[in-house]
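Below is one structure; the comments refer to it alone.
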């Protein structure tokens with residue numbers, strides 16, 4: 001093999017390697033630009049979401065009402081001695097005909113399962129969100 005042929009082969013391989021490296025660098029640059037554009041769009045979206053205050057007062061009102069029903073209302077009703085009416089147990093058609101159904105009055109405050117579940121959800125949300133560092 002002659003020196004000219006080896007020189008041409010070496011130059012061809014070197015040109016191929018340089019072209020391959022340049023193409024990889026160009027692909028990485030384009031990928032980086034796409035990543036920056038995606039991050040910019042994500043930052044813009046998050047800034048708009050942080051500026052939005054829809055529903056803040058509604059959520060606060062729900063939290064206040066649930067806390068009132070669980071913490072304050074039992075004490076108020078215990079002091080005021082206000083009776084609460086509940087529906088008596090209905091045992092079928094016979095109790096409806098003979099009038100054993102109806103309503104009963106009880107002393108105290110009835111804490112419904114829905115209110116307890118709401119309180120648990122509220123506590124878990126606020127304590128869960130407080131664990132996240134800002």
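General observations
- Number of positions in the range 110-134 that are assigned to a loop (DSSP other than H, G, I, E, B) and at pLDDT below 75: 4
- Candidates 82, 76, filtered to the one that is modelled with pLDDT of 80 or more and surrounded by 10 or more Cβ atoms within 10 Å (Cβ to Cβ): 76
The values are calculated or read from the model by the stated rules, or taken from the named source; none is laboratory data. This one's a predicted model, so the numbers in the text were calculated from it and none came from an experiment. When we count neighbours, we look across all protein chains shown, and the Cβ atoms used for this are built from the backbone with ideal geometry, even at glycine.
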